[in-house]
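Encoded as structure tokens, the structure appears first; notes follow it.
Since every read-out is calculated from the coordinates, none of them should be taken as a lab result. Keep in mind that what you see is a predicted model, and the values were worked out from it rather than measured. Every residue, glycine among them, receives a Cβ derived from its backbone with ideal geometry; neighbour counts consider all protein chains shown.
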Ligand SMILES: Nc1ncnc2c1ncn2[C@@H]1O[C@H](COP(=O)(O)OP(=O)(O)OP(=O)(O)O)[C@@H](O)[C@H]1O
């Protein structure tokens, strides 16, 4: 009887374990993103996401084990190439965008714009090319949050707008184009058209992720908008309060209705930490986001503290993640960005066919 000889590469792959329950590692193996070169003793991993913490833990957990097996030092070669997942668009201005992620909330004031901008910056900090689209027609805040209030997008060809660059990401916003009081009175079709325009008529560079800060609420406008943006996935921001949770449920229902994949729930303003004495208190309660995630069988992506500096940094146009001064406020975002990027790869199929944006009548 013939036995198949297990190669050294197979033995190494069998030994590997990651920080989670190895689901991601299994998928990477299936997708043939791992290879081992005997001669140079190099394990090459081609990652379709950026996840510095996950990568560090992978190396820390496995280096000694593999070293023992090989009897010599193991070299790691980790490469990155973010892939387009599930739905993506084929319109000229959007074909350079690999993944569109919408950030939504059922209710206003839960920190959706603050989360959008810091999440975008954290994805970029981890290594990705990131853009942000401010679709919050009724209260565009990106120009202020990114400290580019007076900027106006220019155009090289007279057709497409060049997005504004700030803190290492690119951005376009309704707020750059119209006065706030004009945007406030827009009704459904006008609002949707304005979003389509700012999305489609921007000369976006090659982007791994475009974060879309949606208007708050889950009415017809949001529904039409989410139907007309070629979204890979949505994340829902909530606070732990009961009222915010009730509205967040509507958000989940809305995305389910339009069959948009939901990556999970983010709980913002979770725990208040006093900047003077460091004492922490759960002003709005605890565990609400997790309960919501459980109820809808969705991943809970992470919890962000309630801290005065998030607001002050935003008001100064230098979001907390871009400042990078306070690890306790920056790290939750870096972790959140990497969890999101890993989960997207884990849960979604690569975009096999391109999807066109529907024209609004
Ligand atoms: N974790 C946090 N800690 C402290 N302040 C926060 C936090 N998150 C957001 N804020 C502040 O709360 C206010 C509302 O946040 P933001 O504008 O991001 O909410 P929103 O949900 O986008 O609101 P809107 O419905 O108006 O679009 C802002 O002043 C912001 O700086």
Compute the acute angle (0 to 90°) between the alpha-carbon long axis of helix 52-70 and the principal axis of greatest extent of the alpha-carbon atoms of the chain; round to the nearest 10°. 0 degrees
Taking a temperature of 37 °C and a viscosity of 0.692 mPa s, what whole-number D in µm²/s does Stokes-Einstein yield for the stretch 191-259 with Rh from Kirkwood over alpha carbon pairs? 246 µm²/s
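Among 178, 130, what is the fewest-to-most ranking by other Cβ atoms within 10 Å?
Sorted ascending by nearby Cβ count, the order is 178, 130.
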Given the peptides 110-119, 242-251, 76-85, 95-104, arrange them by the average over their residues of other C-beta atoms within 10 Å, most packed first. 110-119, 95-104, 242-251, 76-85
Take the alpha carbon atoms of the stretch 8-80, find their radius of gyration, then divide it by 2.2 N^0.38 Å using N residues; give the quotient. 1.00
Among DSSP beta bridges lying fully in the stretch 92-347, give the percent that are antiparallel, nearest 5. 15 percent
Going by how many other Cβ atoms sit within 10 Å of their own, how do 161, 269, 214, 190 line up, fewest first? 190, 161, 269, 214
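For a footprinting-style exposure proxy, rank 64, 218 by other Cβ within 10 Å, fewest first.
With the sparsest Cβ surroundings first, the list reads 64, 218.
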Which angle between 0 and 90 degrees, to the nearest 10, do you get for helix 242-257 versus the longest principal axis of the chain when only C-alpha atoms count? 70 degrees
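Using mean Cβ contacts within 10 Å as the protection proxy, how do 22-35, 200-213 order, highest first?
Taking the mean over residues of other Cβ atoms within 10 Å, the ranking is 200-213, 22-35.
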Tell me what the chain gives for mean residue ellipticity at 222 nm when only DSSP H runs of n ≥ 4 count, each as -39,500 (n - 2.57), the sum divided by the residue total, rounded to 500 deg cm²/dmol. -11500 deg cm²/dmol
The alpha-carbon center of the stretch 91-131 and that of the stretch 282-302 are separated, in whole Å, by 21 Å
Checked the stretch 276-325 with the C-alpha gyration tensor, a ≥ b ≥ c its square-rooted eigenvalues, rounded below a/c of 1.5, otherwise prolate if a/b is larger than b/c and oblate if not; verdict oblate
Using only the Cα atoms of the chain, each taken as one equal point scatterer with no solvent, compute I(q) by the Debye sum, divide by I(0), and report log10 of the ratio at q = 0.15 Å⁻¹. -1.30
